[in-house]
1. Using a 1.4 angstrom probe on heavy atoms only, work out the carbon and sulfur share of the accessible area of region 95-221 in %.
2. Provide, in order from the shortest bin, the percent of all Cα-Cα pairs of region 85-204 in each 10 Å bin, continuing until the bin that contains the maximum pair distance.
3. Can you work out the FRET efficiency for the pair Gln126 and Lys88, with r the C-beta to C-beta distance and R0 = 30 Å, to the nearest 0.05?
4. If you stretched the chain out fully between Gln114 and Thr46, how much longer would it get, using 0.36 nm times the residue separation minus the C-alpha to C-alpha distance?
5. Taking every alpha carbon pair in region 147-196, what does the distance histogram look like in 5 angstrom bins from 0, in percent?
6. Work out the FRET efficiency for Glu220 and Ala73 from their Cβ-Cβ distance, taking R0 = 30 Å, and round it to the nearest 0.05.
7. Only sites in a loop by DSSP and with at most 15 other Cβ atoms within 10 Å count here; which trypsin sites (Lys or Arg not before Pro) in region 55-151 make the cut?
8. Compute the separation of the alpha-carbon centres of region 113-127 and region 143-222 and state it in Å as a whole number.
Amino acid sequence: MTKYTREDPEISRRKFINVAMGTTAGVGTLSLLSIVGGVKPANVLTPEKELPRKGDVLVYADPAKNGAPVALADIQVGQVVYAFPKGKSLNGSEVVKNGVPRNQLIVAKFPAAQLKAPTDVKATDQGIVVYSRQCMHLGCAVEIKPYPSKNLQEAAVCPCHGGVYDLAEGAKVVDGPPPAPLPQLPIKVQGSQVVVDGFFLSLPKDLTESEFEAQKKELEKA
């Protein structure tokens, strides 16, 4: 015959309360972790994410070139170079600003007579014009290729969604869904180098207007 031991009701109540509290605490902790885990990290501005600014030198984006300044001899009509800006950051260190897609740049060259509005011709030099490579639709990296249906020998084409920009005319949109042209970056030729001569002339894809203006003000003070 099995012998049962009667448990003190007070002990049973304490066990129930402890288990309930432990379960509640566990659910509360899990909920808190879920909330914290779901919070999007702040978009921290680090040196490699800073906007290109006056005085930055354009360097090759190709890793094989090891951050060397873009040579003028490589910038020919019909021969595009991809580059990043390199210069001093807000903390004074020398940095290649390759931390965000907007900072990869298209460096193209056209006969002067072919550069037309809305290109800011004053922001070009020796037929060299520079734009952000980040598509204004969803932020993809555009590719440079002919686009015969618009009679373009050198167009910026989004390989993902079909946006097409005319680089000789301010990178205006000539096909597809982009809502705005690629931002032009003012440059000038200094000696054998291409040097940034100001901020992007229009809002880049991955910044709000307020972020853009705030960062420009911060960099202008440095």
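The values are calculated or read from the model by the stated rules, or taken from the named source; none is laboratory data. Just so it is clear, the model here is predicted, and its values are computed rather than measured. Reconstructed Cβ throughout: ideal geometry from the backbone, glycine too, with neighbour counts over all protein chains shown. Heavy atoms of the whole protein, side chains included, go into the accessibility calculation; ligands, DNA and RNA do not. Shrake-Rupley method; radii C 1.70, N 1.55, O 1.52, S 1.80 Å.
1. Heavy-atom surface of region 95-221 belonging to carbon and sulfur, 1.4 Å probe: 50 percent.
2. Spelled out per bin, shortest first, that is 14, 45, 32, 9, 1.
3. That pair, Gln126 with Lys88, gives E of 0.75.
4. Details: separation 68, 0.36 × 68 = 24.48 nm, distance 3.79 nm.
My answer for the length gained is 20.7 nm.
5. Computed distribution, short to long bins: 5, 20, 24, 19, 12, 11, 8, 2.
6. 0.35
7. Passing sites in region 55-151 are Lys116.
8. Distance between centres, Cα-based: 13 Å.
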